[in-house]
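A short worksheet on the structure shown next.
Just so it is clear, none of the values below were taken in a lab; they were calculated from the coordinates. Only a predicted model underlies this, so the values are computations on that prediction, with no experimental measurement involved. Positions of Cβ are backbone-derived with ideal geometry, glycine not excepted, and every protein chain shown enters the neighbour counts.
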Amino acid sequence: MTVREQSRQKETEAVVAYIRHKVAAGEFYGYSDSAEEFSRLDGMLLKDPGSLAAGVEVKWRRYNWEKLEGEYGGEMQMPADKLLAGQTLAYALGVPTVLLYLLDDCLVAQRVVEGNGDKVNVVREVYEQSNRNSEGGSIQRKNCYISTKGAEKIPIGL
């Protein structure tokens with residue numbers, strides 16, 4: 001399995017866990033993978049057929065909640081261009097954007113953009129050296145750090 005295929009599999013795992021969690025709470029969602037046709041975000045949550053509920057960005061990290069809260073200070077990282085894509089979606093369609101952060105032991109769900117386009121839970125934005133993509137290389141880019149404070153911590157089946 002390639003790195004890209006593995007990342008795609010983990011993205012699906014995160015979305016399925018999130019939707020399962022929401023269904024257990026009485027909320028029903030569908031999901032549409034954007035495949036960069038509509039947005040730079042990974043996908044969209046659908047409330048009813050044809051009714052957009054939220055934009056979704058998924059990140060997969062190979063560590064656990066304890067390390068996120070300890071070593072990483074409770075800050076989740078996402079590229080600033082993804083946050084901007086969420087803001088654009090909100091300005092155009094009035095829906096929020098949710099970050100799904102898949103860890104080894106749980107899924108963390110945090111709102112990063114409100115339906116009016118305001119950024120929320122963003123602790124800081126920094127230009128830094130980052131991986132170009134999942135297949136290697138590096139690039140200077142602006143990253144956003146999102147607080148875990150108030151986020152949903154969702155157990156996942158291991």
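Brief remarks follow.
- Contact order normalised by residue count of the chain, Cα under 8 Å, 6+ apart, percent: 21 percent
- In terms of its alpha-carbon gyration tensor, the chain comes out rounded; the largest-to-smallest axis ratio a/c stays below the 1.5 threshold.
- Candidate cross-link partners of Lys22 among the lysines, defined by an alpha-carbon separation under 17 Å and a same-chain spacing of 8 or more, comprise Lys47, Lys153.
- Secondary structure note: in the stretch 1-154, about 85% of the DSSP beta bridges are antiparallel.
- A run of the chain free of exposed loop cleavage sites, with trypsin sites (Lys or Arg not before Pro) counted only in DSSP states other than H, G, I, E and B and at most 11 other beta carbons within 10 Å, reaches its longest extent at 63-148.
- In sequence order, calculated HN-Hα J values of the stretch 117-126 (Karplus, 6.51, -1.76, 1.60; Hz; x Gly/Pro): x, 6, 6, 9, 6, 8, 7, 7, 10, 9
- Nonlocal amide H pairs with Ala54, under 5 Å, H built at 1.01 Å: Leu45
- The GluC sites (Glu not before Pro) of the stretch 17-103 meeting both criteria, a DSSP state outside H, G, I, E and B (loop) and at most 12 other C-beta atoms within 10 angstrom of the site's C-beta, are Glu27, Glu36, Glu37, Glu71.
- Within a straight-line Cα-Cα reach of under 25 Å, Lys142 can be paired with the following lysines, leaving aside sequence neighbours fewer than 8 residues apart in one chain: Lys10, Lys59, Lys67, Lys82, Lys119.
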